[in-house]
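Read the structure below first, then the notes.
The values are calculated or read from the model by the stated rules, or taken from the named source; none is laboratory data. The model shown is predicted, which means the values in this text are computed figures rather than measured ones. Here Cβ is always computed from backbone atoms with ideal geometry, including for glycine, and neighbour counts include all displayed protein chains.
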Amino acid sequence: MSSSLRRFLLNAFRHKQRLTLGRMLRVETLEHRVVPADGQFLVESFSDLNESGLWDSAEPGVAGVAITYAGQGPGNSGVSGDMSTASTGIASATLASGMYFYNLAVPSGYTIMVPVALFGNISITEGQTFSLQLPMLEDEPSAFVGDRIWLDADADGLQNSAENGLAGVNVLLLDTDGSELQSTLSGTDG
């Protein structure tokens, strides 16, 4: 290769020009395209046992929070996906910089403790993490059937050692109209 051709090629490289070799040599200026850098979308869901709103080390993660996301702008409009929190309570996705719409679905048996939008827009930026924390409370059971039957002699609501269980009491489960759904007899221990 001649030194003049070498200088020509180096100069084209330094100035970010594209060279096309064919019947003749053609030099074009390269187009500069901005490729969005990646950021993180992180969702952390946990059972907030002490109702502090903060994830303490003794509090377990909540699995099954479903997250759907979709890109909302240039460079990421075709990007979409689904993720779900694992048993650790964590789900994450690496996403290109830009705006995204998200939608959350909380598993049955739980309620989010603090006001958090179940859907909305987020902005992912290069090298940054958008974190969404979901302190959750387990729903209280709406009804409880069970326990023991005894004659509460001291009317304190607690069965003590002097208060024996009552055997053979017919226990009925009724619907809202008073119709019997199920029945059973208490055992020897009440």
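Observations on the structure shown:
- F41 being part of a strand (DSSP E or B) and either touching a Cys at 6+ places or on another chain (Cβ under 7 Å) or at pLDDT 90 or above (or both): no
- Residue in the stretch 130-140 that is among the hydroxyl-bearing types (S, T, Y) and in the same structural domain as D56 (by TED's automatic domain parsing) present: yes
Here's the yes/no breakdown for (1) closer than 30 Å to N76 by Cα; (2) in contact with a strand residue (DSSP E or B) (Cβ under 6 Å, 6 or more places away or on another chain); (3) surrounded by 12 or more Cβ atoms within 10 Å (Cβ to Cβ):
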| residue | (1), (2), (3) |
| --- | --- |
| A93 | yes, yes, yes |
| M113 | no, yes, yes |
| Q128 | yes, yes, yes |
| A153 | no, no, no |
| T176 | no, no, no |
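- Where T188 falls short, out of the listed (1) touching a residue at least 12 places away in the same chain (Cβ under 8 Å); (2) on the phi > 0 side of the Ramachandran plot: (2)
- Count of the stretch 93-126 residues which are among the hydrophobic types (A, V, I, L, M, F, W, C), farther than 15 Å from L137 by Cα and out of contact with any Leu (no Cβ under 6 Å at 6 or more places or on another chain): 8
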